[in-house]
Each structure stands twice: as structure tokens, then as C-alpha cells.
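Worksheet: one structure, shown below.
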Amino acid sequence: MAGPVPSAGASAGRNPLTQLTLADLRQRTSVKWRMHPPDVLPLWVAEMDVPLAPAVADVLRRAVDLGDTGYPHGTAYAEALGEFAAGRWGWHDFRVDHTTVVPDVMMGIVEVLRLVTDPGDAVVVCSPVYAPFYAFVSHAGRRMVEAPLGADLRIDPAALDDAFRRARAAGRRPAFLLANPHNPTGVVHRRDELETVAALADRHGVRVISDEIHAPIVLAGARFTPYLTVAGAENAFALTSASKAWNLAGLKAALAIAGPRAAADLRRMPEEVSHGPSHLGVLAHTAALRAGGPWLDLVLDGLDENRTLLATLLAKHLPSVTYHRPEGTYLAWLDCTALGVAAEQPAGEPGVASDLAGPARMFLDRARVALSSGHVFGTGGAGFVRLNFATAPEILTEAVTRMGRAVEASAG
Ligand SMILES: Cc1ncc(COP(=O)(O)O)c(C=O)c1O
């Protein structure tokens, strides 16, 4: 029987990634821990193996004690984001009146797409990219146009220019769905890169929707640039929440933010969209942004250590795998093409996050480690895996050791 899970209050000042044991984590009922049998180490979906931040747990506990479980009200969430954005990123002209609460980032993206594109219009993405972009966009009746990342995994302006031209030719009102920072590569786009995006979007008449859900998770050495602070981005949108940085995916509430020339579009968002976010979600995300900064800093330090540990582990156990050190997120994009397993299995369609092929299938079957399969992230993803390193160093070590053994056994 697993021991008691440490209370969030007891965790102040320590690395949140080292506070839960595998036995604690296996008591969880979320998809990360229940998708695969208990002998599998799950390093796939973007959930973190941390207790709840004390500031968030306290607010939720108080709401439960009060029976404060009605409908959300007010603009506290947007105000908290505005304060966080000013403090962390120097975003001082953040406008609370240019925001609206949406159920989550993906639903917010779909609702913004409905405002600025029509069915059949093209949506550009920089592939490989977060798999649900494909599913949500195509299920909303829009067509995907890919602008593959460059060999350095950064946005390729020539590919983007070409994709914008094709998107424009294909429909009346194209959009660009930007992952800022980028998932799965962990690249944090620089301001000059985003200025290039804005200039290209302006030239081709493309509306930009910037998914900034990973924005608070930028590691030492990189700096996050909110897209709406970039020159030329006035008619763009951003979507964000505290979901990734404070592990709140189960507490639904996100924010859509309009640039000054997109505010009128955002006001056309149907009223019923605001019925989706939950009051507990709004309370939790607000508390995270307002009072969860010190806890986040401990997580960021822990992630930075894991980022380095992963490099050491890969060099030792999987030297033929190429690791592009991520600048942000807690996701590592691993080039496994040299393992020679990519061709073993046919790659499926992009978009189904849990679908497995090639190296990810091999690591699940032979190492009992669950990773995200590269092919689901679109063109350029086959032969790669995405590894979530927001876990305890011991679990990371065990996972990579097992992966190395599996490759060694299949070679021998
Ligand atoms: C880039 C990106 N966007 C959106 C999401 C999902 O956000 P939500 O659960 O708020 O829809 C994720 C989750 O990992 C993500 O990585």
C-alpha cells in the first residue's frame, strides 16, 4: 500500500519535482497514470509529477470548505495574468478589457478561429507541432497548411512565407497558429523571429493566434516574448493559462487576449463560450498567477537540473539519440532516427496524441517507457519521440536506463 501523499503545505522551499514517490504518483487517476499498465513509466502527456502549489491548494481548499462552487464572476484571472506578465515579461500595456475567459486553450483557439476564419479556410502551423492542433483545426472544418521548421528546429521564414502564400491562395481568411514557446521542440522564439512572423503575416493578410500555454516555463538562458508585445502584432490573439506551469489541466479555465486591433473581433465571441470555464478553475489559475511565482521558480530550477541530467543520461545510455536541449517547456524532442526503427512501423495520421509508431512503440514494448510518438506532431516528426522530463530525477534515470537497455538488447 502506498504511503500518504505529502501535503502541499509541507513542500515549501523544496524542489516540487522530488516530493512525490512513484507509489504516490501511481495513485493518480489522470490519463498520464492510467493510460498504460503499472509497469510502464509514463513520460508522455504534458502533466507534471509535482504536488499542487500551496497557493493553489489553499484557495481550492477554502472554496470547498465554503461550498463556493457556483459560477465564475469578475476579471480577477485576467488581472492576475496582467500582473504576472508585467513582472515576468515586462508586458506593461496588457489590457484586461481585451481578454475573455474560455474553457481551455484548445477550445479558445477553436473559438478564435471561428471569429477570424471561415470553414474551408487555411490554418498554417510550423510542423512538427503540438498534435491536437491538427485534430482541433480540421474538426473545426479548417484546412491545415504546414510550414516545416528549419533543421535547427526554429521557424524557417522562407517556409512560412511559402505557406502563407499557399494559405492565402486556398481561402479568403487564413490564420497562423503559433506555438510560443514551441511544443514539442522546446524552442523559445526570440523577439526578432517573432517580428519576422508579424511582418510576413501582415504582408499576406494572415491573422496570428499565439498559443502561449508554456510561456511561464522558460528555463535559464532564454527569455519569453509575448507575441502581442511584438511590433506588427496588433491584430493578433494570444491564448494562455496557468495549466502547464502549475499542472492545472484538470481545472478548466484559460484566457483569450486580443491585440488592440483584434479587440472588436474578440467582443464577437459568443456568450455561451464563457459558460465553459469552471469557477474552481478560475480560482486556481488566478491563485497560481498571483501567488504561485516562488513555487514556479523552484519548479524551473528543478526542470533545469533535469534538462542537464537528461543530456548526461542520453550520452551514457543512448549515445546515438540526438537531443536538442530545450530552452523552455519540460519537453525534450529526441531524434531517434539513428536507431533504425522508424521504418519498422507505418506512421499513422498526425493529431492523435496517444497514437504510437516507430521508436515510441519500441520503447513502450521493450523498455516499458511511454513517450509521445513523433509522427503525431506532423511532418518532420517521424523517427522522433517527445519525452516529458517534469518528473523526479530517479524516474528520469530509470526511464532512460531502461530505454538504453532495450536498444542494446535489440542490437545484440
Ligand atoms: C502547446 C499546447 N497548447 C495547448 C495545450 C492544451 O491546453 P488546454 O488543456 O488548456 O486545452 C497543450 C497541452 O499540453 C499544449 O502543449
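A few notes on this one:
- Members of the range 240-268 that are away from the ligand (no atom under 16 Å from the Cβ) and in contact with a Ser or Thr (Cβ under 7 Å, 6 or more places away or on another chain): Leu266
- Taken over the range 218-245, residues that are part of a loop (DSSP other than H, G, I, E, B) and touching a Leu at 6+ places or on another chain (Cβ under 7 Å) amount to 7.
- Residues of the range 176-205 satisfying the condition of being part of a strand (DSSP E or B) and closer than 18 Å to Gly380 by Cα: Leu177, Leu178, Ala179
- Contacts under 8 angstrom Cβ, first residue in the range 108-120 being small (Gly, Ala, Ser), partner away from the ligand (no atom under 14 Å from the Cβ), 6 or more apart: Gly120/Gly141; Gly120/Arg142; Gly120/Arg143; Gly120/Gly171
- Per the listing Ala370, Ala353, the residue uniquely in contact with a strand residue (DSSP E or B) (Cβ under 8 Å, 6 or more places away or on another chain) and modelled with pLDDT under 85 is Ala353.
- Just so you know, in the range 61-81 the residues that are exposed (fewer than 13 other Cβ atoms within 10 Å of the Cβ) and β-branched (Val, Ile, Thr) include one that is nearest to Val282 (Cα to Cα), and it is Thr69.
- Residue count for the range 151-177, restricted to those that are within 19 Å of the chain's Cα centre (by Cα) and buried (at least 17 other Cβ atoms within 10 Å of the Cβ): 4
- Flag for Thr18 being under 30 Å from Leu310 (Cβ atoms) and either surrounded by 22 or more Cβ atoms within 10 Å (Cβ to Cβ) or without any contact (Cβ under 8 Å) to a residue 12 or more places away in the chain (or both): no
- Residue check for Arg173: in a loop (DSSP other than H, G, I, E, B) and basic (Lys, Arg): yes
- Restricting attention to the range 326-342, the residues that are in a strand (DSSP E or B), farther than 17 Å from Val45 by Cβ and within 16 Å of the ligand (Cβ to nearest atom) add up to 1.
- In the range 95-125, the residues that are outside any helix (DSSP H, G or I), of a type in the set (A, V, I, L, M, F, W, C) and within 15 Å of the ligand (Cβ to nearest atom): Val101, Val102, Val123, Val125
- Taking the range 131-145 as the range and being of a type in the set (Gly, Ala, Ser), surrounded by fewer than 19 Cβ atoms within 10 Å (Cβ to Cβ) and within 12 Å of the ligand (Cβ to nearest atom) as the test, only Ala135 passes.
- Looking only at residues of the range 213-223 that are surrounded by fewer than 24 Cβ atoms within 10 Å (Cβ to Cβ) and closer than 12 Å to Asn180 by Cα, we find that the one that is nearest to the ligand (Cβ to nearest atom) is Val218.
- Verdict on Ala233 being more than 12 Å from the ligand (Cβ to nearest atom) and surrounded by 24 or more Cβ atoms within 10 Å (Cβ to Cβ): yes
- Selection within the range 199-212 - more than 16 Å from the ligand (Cβ to nearest atom), touching a helix residue (DSSP H, G or I) at 6+ places or on another chain (Cβ under 8 Å) and free of Cβ contacts under 8 Å to residues at least 60 places away in the same chain: Leu200, Ala201, Arg203, His204, Gly205
- Only listed residue being farther than 22 Å from Ala291 by Cβ, in a loop (DSSP other than H, G, I, E, B), within 20 Å of the chain's Cα centre (by Cα) and within 15 Å of the ligand (Cβ to nearest atom), chosen from Pro148, Pro128: Pro128
The values are calculated or read from the model by the stated rules, or taken from the named source; none is laboratory data. Being a predicted model, the structure only gives us computed values, none of them experimental. All Cβ positions, glycine included, derive from the backbone under ideal geometry; neighbour counts span all protein chains shown.
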